[in-house]
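Notes to accompany the following structure.
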Amino acid sequence: MKKVYIKTVGCQMNVLDSEMVIADLKRHGYVVVDTPEQADTVLYNTCSVREHAEEKIYSALGKIRKEKEKDPTKTIGVMGCMAQKDQEIIFKRAPYVDLVVGPGQLHTIPNLLEKVSAGEGRQMSVSLSRKGGSQSVIARSHETFDPLRDPAMRPTPFQAYLRIQIGCDKFCTYCVVPNTRGPEQGRPPEQIISEAKILAEQGCREITLLGQTVNSYKYRHDDATQTDMASLLEQLHPIDGIDRIKFVTNYPKDMTERLLETIRDLPKVSPYLHVPAQSGSDVVLKRMKRGYTVADYMEMFERIERILPEATVSSDFIVGFSGETEEDFQKSIQILERCRFKNSFIFQYSVRPGTKAAERLPDDIPREVKARRNNELLEVQNRIAKEDNLKIVGSTVDVLVEGPSKKSQRSNDPSVMQMTGRTHCDRIVVFDGNLRQAGQFMKVHVDDASSHTLIGRVQTVEVVSIGGLS
Ligand code: SAH
Ligand code: SF4
Ligand code: F3S
């Protein structure tokens, strides 16, 4: 048995990719081990979105060097977005790496590993259809690849990611993703639906549909008809066993009335929308080439409020983007105050080689200013989230229980089992419970709240006697 260790950083796409690569390797006789020391093959599934994410991997590679020196037969592989972006640079910076594989070529890993162990030397596979391959080749490789799934790799057995869209064509000036993931392509709806059915048969109750701009999903059929996100949701909704459908990440310009009405009319679809604003300043948005103004974003936001009054909305922000003045930054605080997002992921701008911003716009905001703006925005976000969460105290929410909370996992006392789960609107809820509740929907009464968490207790279920039977 060959032993593989995999370390995954980055977004949900990478989590899903790792799941598929492991499923593929298991079919080729590999078992998964928990540490790089135990493994014959060590794989890093990497992210390039910010410099920090890359540094983490280069530092892990620095550490693995010693292991490789001790045991030169150990195979070291770098896959994912950094493999795509850096290619040969990885071999230069870490000459002991044997394998570099981009996100469009993950299905080649078992074969390339065989070549490495046959003594054929370093292997690299990084073609993406934007760089000359045909779209149908990519689509076909995914057709055969995505359904190879490994339930054991999922965060829980009853939740899974399902890719509906590959790549991105938006080319925001700061962003490396279109270069690392290639052109935007919707997967054929038939494939998505059959994969969702397989997931349901495997016991999956919640699926999260993935795409960089998931609500822009489109698939053009041979007869020239088109399936969009709304009709895809309509087709997924009837699948037995799937009780909740979420999707990330949304692009503000494509949040149509019809999509919002579809979400409203389909009870399994979560009224939770992650729609990054990125900035509250028109000048910055323009420099980012996001394709909308603050007024456009607010119009979209009001559309959500009108059609889905119960929905929660979350956002991403970049602080310290090229030329961002204090006034621009204050406008990000203002949009946050106006929209009162459930949560926001806040990032300090990081120049990415190969992007338009790296070529044309100076990285002129000092590190300390970026850090201060980050903290300031986070403080406002946390205050808002806490205020809004406190409004839920006293009500009862439906929770899909995921498992023991981090606190429980750290505790040595087995009688204290704090469980965690999420509401339909993606709010995190913790409560005292037991392991048997994992994978169940429970009604939880909310007693208290912080900015990130609702704290509650399972509502007592009253047993009602029916027809005189006691
Ligand atoms: N497709 C998604 C986001 C993918 S990247 C979307 O468009 O919303 C996730 C987040 O990382 C982005 O929303 C953005 O806030 C942040 N990000 C992307 N590139 C970045 C960079 N160069 N520096 C800092 N943050 C960045
Ligand atoms: Fe990057 Fe913009 Fe595409 Fe999101 S929409 S992945 S931020 S280029
Ligand atoms: Fe990172 Fe690639 Fe995802 S750059 S955020 S792993 S698409």
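The values are calculated or read from the model by the stated rules, or taken from the named source; none is laboratory data. Since this is a predicted model, take the numbers as computed values, not measurements. Cβ atoms come from the backbone with ideal geometry, glycine included; neighbour counts cover every protein chain shown. For the accessible areas, the whole protein counts, side chains as well, though only heavy atoms, and no ligand, DNA or RNA atoms are used. Shrake-Rupley method; radii C 1.70, N 1.55, O 1.52, S 1.80 Å.
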Original post:
So which strands (runs of 3 or more DSSP E) stay within region 206-322 end to end and still have 2 or more residues that are among the basic types (K, R)?
Top reply: 218-220, 244-248
**OP:** Spot the failing condition for V4; the list is (1) over 16 Å from C81 (Cα atoms); (2) open to solvent by 50 Å² or more (accessible area, probe 1.4 Å); (3) β-branched (V, I, T), and only one is missed.
**Re:** (2)
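A quick yes/no check of all residues on (1) out of contact with any Lys or Arg (no Cβ under 7 Å at 6 or more places or on another chain); (2) more than 20 Å from K115 (Cβ to Cβ); (3) within 16 Å of ligand 1 (Cβ to nearest atom):
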{"site": "R27", "(1), (2), (3)": "yes, no, no"}
{"site": "P36", "(1), (2), (3)": "yes, yes, no"}
{"site": "T41", "(1), (2), (3)": "no, no, no"}
{"site": "S48", "(1), (2), (3)": "no, yes, yes"}
{"site": "P72", "(1), (2), (3)": "yes, no, no"}
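To keep it simple, each residue is scored yes or no on (1) in contact (Cβ under 8 Å) with a residue 24 or more places away in the chain; (2) within 16 Å of ligand 3 (Cβ to nearest atom); (3) under 17 Å from the mean Cα position of the chain (by Cα); (4) open to solvent by 20 Å² or more (accessible area, probe 1.4 Å).
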position	(1), (2), (3), (4)
N250	yes, yes, yes, no
E257	yes, no, no, yes
E261	yes, no, no, yes
L266	yes, no, no, yes
V269	yes, no, no, no
L273	yes, no, yes, no
V284	yes, no, no, no
R287	yes, no, no, yes
T293	no, no, no, yes
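Listed here are the residues, each with its yes/no results for (1) among the acidic types (D, E); (2) within 22 Å of G104 (Cα to Cα); (3) more than 14 Å from ligand 1 (Cβ to nearest atom).
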position: Q165; (1), (2), (3): no, yes, no
position: C168; (1), (2), (3): no, yes, no
position: P178; (1), (2), (3): no, yes, no
position: R181; (1), (2), (3): no, yes, no
position: R187; (1), (2), (3): no, yes, yes
position: E190; (1), (2), (3): yes, yes, yes
position: K197; (1), (2), (3): no, no, yes
position: G203; (1), (2), (3): no, no, yes
Subject >> Residue within region 263-271 that is within 16 Å of ligand 1 (Cβ to nearest atom) and at pLDDT 95 or above present >> reply: no
Original post:
Is it the case that region 148-165 has a residue that's closer than 16 Å to M13 by Cα and at pLDDT below 65?
Top reply: yes
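Yes/no per residue for (1) part of a helix (DSSP H, G or I); (2) closer than 30 Å to F321 by Cα; (3) in contact (Cβ under 8 Å) with a residue 24 or more places away in the chain; (4) not basic (K, R):
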{"site": "D364", "(1), (2), (3), (4)": "no, yes, yes, yes"}
{"site": "V369", "(1), (2), (3), (4)": "yes, yes, yes, yes"}
{"site": "R372", "(1), (2), (3), (4)": "yes, yes, no, no"}
{"site": "L377", "(1), (2), (3), (4)": "yes, yes, yes, yes"}
{"site": "V380", "(1), (2), (3), (4)": "yes, yes, yes, yes"}
{"site": "I384", "(1), (2), (3), (4)": "yes, yes, yes, yes"}
{"site": "V399", "(1), (2), (3), (4)": "no, no, yes, yes"}
{"site": "G403", "(1), (2), (3), (4)": "no, no, yes, yes"}
Original post:
Residues of region 320-346 being of a type outside the set (D, E), open to solvent by 50 Å² or more (accessible area, probe 1.4 Å) and out of contact with any Gly (no Cβ under 7 Å at 6 or more places or on another chain), which ones?
Top reply: T325, Q330, R338, R340, F345
